[in-house]
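Everything on this sheet refers to the single structure shown next.
The values are calculated or read from the model by the stated rules, or taken from the named source; none is laboratory data. Here the structure is a predicted model, which is why all the values come from computation and not from measurement. Cβ placement follows ideal geometry from the backbone for every residue including glycine, while neighbour counts extend to all protein chains displayed. All accessible areas refer to the heavy atoms of the entire protein, side chains included, with ligands and DNA or RNA removed. Shrake-Rupley method; radii C 1.70, N 1.55, O 1.52, S 1.80 Å.
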Amino acid sequence: MTAPTLRIEDLVLKFRTYSGMVDVLHGISLHIQKGERVALVGESGSGKSVTARIVLGLLQSLRTARISGHVDFEGRDLMAMHDAERHRLRGTKMSMIFQDPTSSLNPVYTIADQFREVLSRAEPGLTEAAARQKAVAALTDVAIGEPERVLDSYAFQLSGGMNQRVMIAMALANEPSLLIADEPGTALDVTVQAQTLRLMGELVEKHHTSVLFISHNLGVVREFADRVYVIYKGRIVEHAMTRDLFENPRHAYTRALMSAVPRITGGGIPEIDDASPDFLAPLIVHEGCAEPGAPV
Amino acid sequence: MKRTLTILIRNPLSLLGLTLVALVVLSALFADFIAPFPEHRGAVVDFANFNRAPEWPYIFGTDLVGRDLFSRILYAYRISLLLGIVVLVIAVPIGVTIGLAAGYLGGWTEFVLMRVTDVFLSIPPLVLAMSMMGLLEPTLTNGMLAVTAMWWPWYTRLVYNLARSEREEGYVLAAEVIGAGKAHIMFREILPNCVPSILTKMTLDLGFVILIASSLSFLGLGVQPPTPDLGSMVADGSKYLPDSWWLTVFPGLAILVAVFGFNLLGDALREILGAEQ
Amino acid sequence: MTQTLLSLRSVSKIFHVGTREVRAVHDVSFGVAEGECLAVVGESGSGKSTIANMVLGIYPQTLGEIVYRGNALPARRDLAHRRAIQLVQQNPLSSLNPKRTVGASLRLALDVHGIGDKAGRWDRVGQLLEEVGLPADLRSRTPAALSGGQRQRVAIARALACHSDLVVLDEPTSALDVLVQARVLKLLDELRKSRGLTYIFITHDLSVVRNIADRVAVFEKGRLVEINSTDRIFTDPESDYTRRLIGAVPVVTAEEQALRDQLMEKENADA
C-alpha cells in the first residue's frame with residue numbers, strides 16, 4: 001500500500017500578533033491518495049487557504065507563525081525538511097493554481113519566459129528550444145489552438161479563461177504528484193469556469209495527479225471532487241465521499257451551507273442562521289472515509 | 001495605540017529617531033532653561049573667552065566673539081524648527097489643495113495645475129530658493145518664503161497621485177451617486193485617505209527644511225547675524241578648520257542629529273500609519 | 001396595471017479607447033416596472049455594468065434615451081434624480097470610506113438631500129442601521145471593525161437613506177460568503193417588498209436570480225438577447241445563449257441537475 005500523496009495529521013497553526021496569539025487551525029487532519037480529487041470546502045476565515053500554504057511550505061518561514069503537527073508528502077515529513085528541500089518540491093512535485101489567473105502571471109514577462117522558468121525548475125539544463133517545444137505541447141493539452149502566439153504574448157493580452165488554462169498548463173508541466181487549486185475559476189465567467197474545470201478534470205485523470213481543491217462553492221465541488229472535507233473556523237467538521245455529503249449532509253454547518261445555496265429550480269431564499277453554536281459540534285465522518293492510521 | 005507604541009519601541013531605529021527628535025524639540029522649547037548662557041543668542045561679546053576649546057562651562061566651546069556654542073545651538077534649533085513648521089504650515093495646505101483638485105477634477109484643471117507644478121519641480125530647489133533670496137533682502141521671513149515656494153510642489157505631486165487612485169475607489173463613486181458636491185468629495189472623502197502619507201512626509205520634511213535652510217545660511221542667504229543659525233555657524237567656522245574644529249563640528253553634528261532623527265521618525269510613522277512612499 | 005418606472009429606448013454606448021471604438025452597449029431597449037425586481041444577467045463584456053452606470057448617470061449614453069417616470073434623464077443629474085436612483089456596489093470593502101465612521105457615511109445622504117433637521121440626523125442614522133438588522137451604536141465604528149456582511153448591510157442602508165424609488169444593485173452579494181449571502185439576499189427581498197422598491201439586480205449568478213427576480217434580461221456582448229419572466233427563462237428559454245448560461249451553473253441538488261440536463265437536451269435537439 002503506497003503512502004498517500006498528502007497526509008496531514010493534527011495540524012495546528014497560530015499567529016503571534018500585537019494583541020496576542022491568534023488560533024487559526026485547531027488540529028486538522030486530512031489525506032489524499034494518489035489520483036484522488038479531494039476538496040476542502042469552507043468560507044473565508046475557515047483556514048482553508050493557509051492549509052494550502054503550509055503544504056507548499058510557504059508559511060514555515062514566517063516568524064509570527066507557530067505550526068505543529070504532521071504534514072507528510074509521499075511519505076516524507078515536510079515539517080522536518082529544510083526550507084531548501086521544500087523549495088525543491090515546489091513547482092516540480094507539487095504545484096498550485098490560483099483564483100485570479102491574470103494577476104497570478106507576471107505582467108512583464110511573456111508566457112514563454114514564464115514557462116521556461118517553470119520547466120527549468122525540474123530540468124535546470126533545459127535549452128530554450130526544448131523548453132519551447134514542451135511549452136507548446138503543454139498548451140495544446142489545455143486546448144489552446146494557437147500555442148505559438150500565446151507563448152509570445154503577455155498575460156494582459158490574453159483573456160481570463162486563456163490565462164487560467166495557461167496557468168493549469170504551467171502547473172502540470174512538470175508532472176507534479178500534487179496539484180493544489182485555490183478557488184480556480186472564481187474570477188471567470190460561469191461558462192468559462194465550467195469548461196476550465198472540465199479540462200482540469202481530464203488532465204489530472206490523464207496524469208494521475210492528486211488534487212487538493214480549495215473552494216467555497218459547493219456546486220463546483222460536487223462536480224469536481226471525489227471526497228470532501230468541510231472546514232469551519234479552523235476545524236474539520238464533516239468528511240464524506242462527495243455523493244454522500246450532498247445526499248446526506250449531517251453536520252449542522254454543512255447543512256446550513258447546503259441550504260444557503262440558492263437553487264436554479266427556485267424555492268425562494270431560505271432563512272439561515274449564520275452563526276449557530278451547533279456549527280462547532282464535533283467532526284462527523286461518513287462511512288469509508290477514515291484517515292489512514294486512525295483508530296477504526 | 002498599543003500597536004503604535006510597539007512599533008516605536010521594538011525597532012531600535014524608531015526608538016533612536018524618537019529620542020533624537022525629542023532632544024531637538026525639547027532643546028528648542030526649553031532653551032531658556034537649559035542654556036547656560038541664554039543671553040549669548042544675541043549680540044553679546046566676551047573677548048576674554050573667545051575661541052575657547054570645549055571645557056566647562058563652555059561644553060561645546062565658544063565662538064570668535066566669545067559666545068557659548070552650546071547655548072547658541074539650542075537657540076538655533078528653535079529658529080530651525082520654527083522655520084520648518086512655518087514653511088510646512090503654509091506649503092502643505094497649498095500643495096495639498098492643488099494636488100486634490102488636479103487629481104480629482106481631471107480635465108483641463110488637471111492639465112494646467114500639473115504643468116505649473118512641473119515647472120516648479122523642474123527647477124533645482126536650492127537654485128530656486130537662492131534666486132528668490134537674491135531678489136529679496138536676506139531675512140528670516142524671506143528665507144521662509146523662498147523655502148515655501150519650493151516646497152509646495154512636492155505635496156502636490158504626492159496628493160495628486162493619491163487622489164488619482166482614490167477617485168477610482170468605491171466610496172468616491174458612492175458619494176458621487178448620492179449627489180455630494182466636488183468640494184466635499186475632495187476634502188471630506190479623499191483627503192482623509194491621504195493624511196497618513198502627508199503626515200509621514202511632513203515629518204521627514206522637517207529634517208530636510210532644516211537642512212535647506214542651513215544650506216541657504218551657509219551661502220549667506222538666510223538668517224543674518226546675530227541670530228544663531230546652524231548653517232551660518234558651520235560656514236563661519238569652516239574657515240578655521242582644523243584648529244578651532246568645535247566651531248564647525250558641533251553645529252554640523254546638530255544638523256545631522258535633527259535630520260537623521262526626523263528621517264527615522266518619519267520611517268516609523270510610515271509603518272504605523274501604513275502610508276505610501 | 002403597474003407603471004413603468006424606468007425605460008431604456010434604443011440605448012447605445014460607444015467608448016473610444018485610443019483610436020479604437022468599442023461598442024459596449026448596442027441598441028438596447030427595455031423597461032422596469034414599479035415595484036419589480038429585474039435581474040440583468042450576462043458574462044464579462046455583456047454590457048451589464050455599462051448599463052448600470054448609464055442608469056446611475058455616471059456617464060451618459062451615446063445614443064438613445066433613458067426615461068424615468070416619463071421624463072428623459074439628462075446627462076448631468078440634479079439632486080432630485082440622484083435622490084431617486086441609488087446604488088449598492090459589489091465590494092463591501094471599498095464602497096465605504098475607510099477613514100470615516102459608518103455613521104458619517106450614512107449621514108452624508110441625509111445631509112446632501114436635507115432630510116430631517118440637522119439635530120435629528122445622527123439619531124436617524126441609528127434608525128437606518130436598525131432597519132437593516134444592525135445595532136445603532138455601530139454608527140461610531142469605522143468599516144474596518146465590521147464584517148463583510150455588516151458592511152454590505154450598511155451600504156444597503158445608505159442606498160435607502162433618502163427614500164429612493166429605484167436601487168441599482170451591482171453584484172451585491174458576490175463578494176460575500178455563502179451563509180452571509182443568504183442573509184443579505186433575504187434582507188434585500190424583504191426590504192423591496194415592504195417598501196415597494198424597484199430593483200435592477202445585476203449579477204452573473206443565475207441561482208440567485210431564480211430566487212429573487214420577477215423578470216430577467218439576458219445580455220451578450222452588449223446586446224439584449226432575451227427578456228422574460230423568471231419562470232419562463234428557467235423552464236423554457238428562447239435563446240441558446242441563455243440555455244448555455246443556465247447549463248453552466250454549478251448545482252448542488254439532483255433536481256437542479258435534471259433541470260440543466262433537460263435544457264441542454266433541448267439545445268442539442270434544436271441544433
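Report yes if residue A:176 is open to solvent by less than 70 Å² (accessible area, probe 1.4 Å), within 14 Å of another protein chain (Cβ to nearest Cβ) and not β-branched (Val, Ile, Thr), otherwise no.
No, not satisfied.
Please list, ordered by residue number, the helices (runs of 4 or more DSSP H) wholly in the range B:1-80 having 2 or more residues that are more than 22 Å from the chain's Cα centre (by Cα) and at pLDDT below 85. Give the derivation first.
Details: elements: B:2-10, B:12-29, B:31-34.
Filter on the range B:1-80 gives B:2-10.
Return the residues of the range B:175-200 that are of a type in the set (A, V, I, L, M) and open to solvent by 10 Å² or more (accessible area, probe 1.4 Å); say none if nothing qualifies.
Once the filter is applied, which keeps residues that are of a type in the set (A, V, I, L, M) and open to solvent by 10 Å² or more (accessible area, probe 1.4 Å), the range B:175-200 yields B:180, B:183, B:186, B:191, B:195, B:198, B:199.
Just the residues that are open to solvent by less than 20 Å² (accessible area, probe 1.4 Å) and either within 17 Å of residue A:267 (Cβ to Cβ) or assigned to a strand (DSSP E or B) (or both), please, taken from the range C:224-258.
Those that are open to solvent by less than 20 Å² (accessible area, probe 1.4 Å) and either within 17 Å of residue A:267 (Cβ to Cβ) or assigned to a strand (DSSP E or B) (or both): C:226, C:230, C:233, C:234, C:246, C:249, C:251, C:252, C:256.
Whether any residue in the range C:48-56 is under 17 Å from the mean Cα position of the chain (by Cα) and within 14 Å of chain A (Cβ to nearest Cβ) is what I want to check.
Yes, the range C:48-56 has at least one match.
Report yes if residue A:168 is within 26 Å of residue A:51 (Cα to Cα) and either among the small types (Gly, Ala, Ser) or in a strand (DSSP E or B) (or both), otherwise no.
Here the answer is no, as residue A:168 does not meet what is asked.
Determine which single condition residue B:71 fails, assuming it passes every other condition in (1) in contact with a Ser or Thr (Cβ under 9 Å, 6 or more places away or on another chain); (2) open to solvent by less than 20 Å² (accessible area, probe 1.4 Å).
Result: residue B:71 fails condition (1) only.
Output the helices (runs of 4 or more DSSP H) that fall wholly within the range B:149-265 and possess 3 or more residues being touching a residue at least 24 places away in the same chain (Cβ under 8 Å), or say none.
The helices (runs of 4 or more DSSP H) meeting that bar are B:191-218, B:230-238.
Residues checked against (1) under 20 Å from residue B:183 (Cβ atoms); (2) open to solvent by 40 Å² or more (accessible area, probe 1.4 Å); (3) in a helix (DSSP H, G or I); (4) within 14 Å of chain B (Cβ to nearest Cβ):
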{"position": "C:91", "(1), (2), (3), (4)": "no, yes, no, yes"}
{"position": "C:97", "(1), (2), (3), (4)": "yes, no, no, yes"}
{"position": "C:100", "(1), (2), (3), (4)": "yes, no, no, yes"}
{"position": "C:105", "(1), (2), (3), (4)": "yes, no, yes, yes"}
{"position": "C:116", "(1), (2), (3), (4)": "no, yes, no, no"}
{"position": "C:134", "(1), (2), (3), (4)": "no, no, no, no"}
{"position": "C:137", "(1), (2), (3), (4)": "no, yes, yes, no"}
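Search the range C:236-259 for residues being more than 7 Å from every other protein chain (Cβ to nearest Cβ) and free of Cβ contacts under 8 Å to residues at least 24 places away in the same chain, and hand back the single one that is nearest to residue C:47 (Cα to Cα).
That would be C:241.
Quick one: is residue B:137 over 30 Å from residue C:168 (Cα atoms), in a helix (DSSP H, G or I) and open to solvent by 20 Å² or more (accessible area, probe 1.4 Å)?
No.
For residue C:151, state whether it is within 14 Å of chain A (Cβ to nearest Cβ), in contact with a Phe, Trp or Tyr (Cβ under 8 Å, 6 or more places away or on another chain), charged (D, E, K, R) and open to solvent by 10 Å² or more (accessible area, probe 1.4 Å).
Here the answer is no, as residue C:151 does not meet what is asked.
Filter the range C:175-223 down to the residues that are in contact (Cβ under 8 Å) with a residue 60 or more places away in the chain and open to solvent by 50 Å² or more (accessible area, probe 1.4 Å), then identify the one that is farthest from the other protein chains (Cβ to nearest Cβ).
Going through the qualifying residues, I end up with C:223.
Condition check: in contact with a strand residue (DSSP E or B) (Cβ under 8 Å, 6 or more places away or on another chain), open to solvent by less than 60 Å² (accessible area, probe 1.4 Å) and free of Cβ contacts under 8 Å to residues at least 40 places away in the same chain. Does residue A:57 satisfy that?
yes
Residue under question is residue B:10, and the condition is that it be open to solvent by 70 Å² or more (accessible area, probe 1.4 Å), over 24 Å from residue B:256 (Cβ atoms) and of a type outside the set (Val, Ile, Thr); does it hold?
The answer is yes for residue B:10.
Under 6 Å by Cβ, and 6 or more places apart or on different chains, what pairs join a residue from the range B:36-54 that is touching a residue at least 40 places away in the same chain (Cβ under 8 Å) with one that is open to solvent by 40 Å² or more (accessible area, probe 1.4 Å) and not small (Gly, Ala, Ser)?
These pairs meet every condition: B:42/B:226; B:43/B:226; B:51/B:64; B:54/B:60.
Please list, ordered by first then second residue, the pairs with beta carbon atoms under 8 Å, 6 or more apart or interchain, first in the range A:1-19 and within 14 Å of chain B (Cβ to nearest Cβ), second assigned to a loop (DSSP other than H, G, I, E, B) and among the β-branched types (Val, Ile, Thr).
A:16/A:64; A:17/A:64
Anything in the range A:32-76 that is hydrophobic (A, V, I, L, M, F, W, C) and part of a strand (DSSP E or B)? List them, or say none. Lay out the reasoning, then the answer.
Residues of the range A:32-76 that are hydrophobic (A, V, I, L, M, F, W, C), as a first pass: A:32, A:38-41, A:50, A:52, A:54-56, A:58-59, A:62, A:65, A:67, A:71, A:73.
Listed by number, the residues that qualify are A:32, A:38, A:39, A:40, A:41, A:65, A:67, A:71, A:73.
Of the numbered conditions (1) without any contact (Cβ under 8 Å) to a residue 24 or more places away in the chain; (2) assigned to a loop (DSSP other than H, G, I, E, B); (3) of a type outside the set (Asp, Glu), residue A:84 satisfies every one except a single condition; which is it?
Answer for residue A:84: the failing condition is (2).
Within the range B:174-204, which residues are at the interface with another protein chain (Cβ under 9 Å from one of its Cβ atoms) and among the charged types (D, E, K, R)?
Matches in the range B:174-204: B:176, B:188, B:189.
Results for (1) among the aromatic types (Phe, Trp, Tyr); (2) part of a helix (DSSP H, G or I); (3) at pLDDT 90 or above, shown as yes or no for each residue.
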| residue | (1), (2), (3) |
| --- | --- |
| A:108 | no, no, yes |
| A:124 | no, no, no |
| A:134 | no, yes, yes |
| A:139 | no, yes, yes |
| A:145 | no, no, no |
